[in-house]
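Worksheet for the structure shown next.
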Amino acid sequence: MATLEIRDLHVSVQTEDGPKEILKGVDLSIKSGETHAIMGPNGSGKSTLAYSVAGHPKYTVTSGTITLDGADVLAMSVDERARAGLFLAMQYPVEVPGVTVSNFLRTAKTAIDGEAPKLRTWVKDVKGAMANLRMDPAFAERDVNAGFSGGEKKRHEILQLELLKPSIAVLDETDSGLDVDALRIVSEGVNRAQAENGTGILLITHYTRILNYIAPDFVHVFVDGRVAEQGGPELAAQLEAEGYDRFTAAQQA
Ligand SMILES: Nc1ncnc2c1ncn2[C@@H]1O[C@H](COP(=O)(O)OP(=O)(O)OP(=O)(O)O)[C@@H](O)[C@H]1O
Ligand SMILES: [Mg+2]
């Protein structure tokens, strides 16, 4: 069992006019096997939260805590966080020319496990995971995300999720830009990772459609740098019908 606890998290970014506070007291707790959805308006700070958990240097934590099973995540480097069991599927996956998918996955797996995976089972695992995600085996020899379509990049994020087996995964708009078949295939990949490894999932999304495939236990409404309301799956349907007016109006008042 793993528990990621975010307590009263405040995060700033450096701007030309000095530091600007983006996260204004986030409280969130995710356990193994749970699925949490975060929905909220553009610019409310959802990706900032995802990057802050992963340890992106652009974001400065000014107060609050993030712990994984009691261990201080904020004291860890990015790779220590990955080794501790945290995973981020980025909203905009980066291209890494010169590094093949196959090389990247094996290097990541070796770094996270502390030893190289056994070649025979590893090759089988990669092939199996790619087949599950309906990825052409040719992708293994292409450079990471270089020239991948938007949807292909998202599948590659979930391929990593399936192979690296994190205890807690943050998926930032993994559903954006996927065609209807890809949405189902990627969702099945997330559900498999959860069923097989007990991964706790924090799913950032704008759309309820993915939530038909990946059933959330909890839905959090994220507005202006904090969680404005929490509920069950019914909250997602309500947001889809009513939008964020009642939250943003409260914020302006
Ligand atoms: N360097 C910067 N200067 C000024 N504002 C910044 C800077 N970096 C980030 N921000 C602001 O931080 C806010 C939060 O951005 P973030 O990407 O976390 O939003 P989001 O909730 O993920 O939005 P979306 O739904 O569009 O993905 C935005 O308003 C963004 O413009
Ligand atoms: Mg975002």
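How many residues, within region 210-250, are more than 25 Å from Ser32 (Cα to Cα) and out of contact with any strand residue (DSSP E or B) (no Cβ under 6 Å at 6 or more places or on another chain)? Looking only at that region, the number is 13. Could you check region 1-60 and list, in sequence order, the residues that are among the β-branched types (Val, Ile, Thr) and within 13 Å of ligand 1 (Cβ to nearest atom)? Across region 1-60, the qualifying residues are Val11, Val13, Thr15, Ile22, Val26, Ile38, Thr48, Val53, Thr60. Of the candidates Leu4, Leu23, Leu68, the single residue that is among the hydrophobic types (A, V, I, L, M, F, W, C), surrounded by 15 or more Cβ atoms within 10 Å (Cβ to Cβ) and within 16 Å of ligand 2 (Cβ to nearest atom) is Leu23. For beta carbons closer than 6 Å, sequence separation of 6+ or different chains, a first residue in region 147-162 that is among the small types (Gly, Ala, Ser) and a second that is in a helix (DSSP H, G or I), the qualifying pairs are Gly151/Ala182.
Criterion first (within 30 Å of Ala182 (Cβ to Cβ), within 16 Å of ligand 1 (Cβ to nearest atom), part of a helix (DSSP H, G or I) and not polar (S, T, N, Q)) does Val94 satisfy it? Here the answer is no, as Val94 does not meet what is asked.
Condition check ((1) more than 16 Å from ligand 2 (Cβ to nearest atom); (2) surrounded by fewer than 16 Cβ atoms within 10 Å (Cβ to Cβ); (3) modelled with pLDDT of 95 or more; (4) farther than 24 Å from Leu23 by Cα) across all residues:
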| residue | (1), (2), (3), (4) |
| --- | --- |
| His156 | yes, no, yes, yes |
| Lys165 | yes, no, yes, yes |
| Val170 | no, no, yes, no |
| Glu173 | no, no, yes, no |
| Ile201 | yes, no, yes, no |
| Val221 | no, no, yes, no |
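If I ask for residues that are under 23 Å from the mean Cα position of the chain (by Cα) and of a type in the set (Ser, Thr, Tyr), which ones from region 97-135 would you list? Those that are under 23 Å from the mean Cα position of the chain (by Cα) and of a type in the set (Ser, Thr, Tyr): Thr100, Ser102, Thr107, Thr110.
Taking residues in region 40-56 that are farther than 17 Å from Thr208 by Cβ and touching a residue at least 24 places away in the same chain (Cβ under 8 Å), and partners anywhere that are among the β-branched types (Val, Ile, Thr) and within 6 Å of ligand 1 (Cβ to nearest atom), the pairs with Cβ atoms closer than 7 Å and at least 6 places apart or on different chains are Gly45/Ile22; Thr48/Ile22. Somewhere in region 32-47, is a residue polar (S, T, N, Q), touching a Lys or Arg at 6+ places or on another chain (Cβ under 8 Å) and closer than 21 Å to Val227 by Cα? No, region 32-47 contains no residue that is polar (S, T, N, Q), touching a Lys or Arg at 6+ places or on another chain (Cβ under 8 Å) and closer than 21 Å to Val227 by Cα. Taking the criterion of being under 17 Å from the mean Cα position of the chain (by Cα) and assigned to a strand (DSSP E or B), the residues of region 1-22 that qualify are Thr3, Leu4, Glu5, Ile6.
The values are calculated or read from the model by the stated rules, or taken from the named source; none is laboratory data. For clarity, every value in this text was computed on a predicted model and none was experimentally measured. Neighbour counts run over all protein chains shown; Cβ positions are idealised from the backbone, glycine included.
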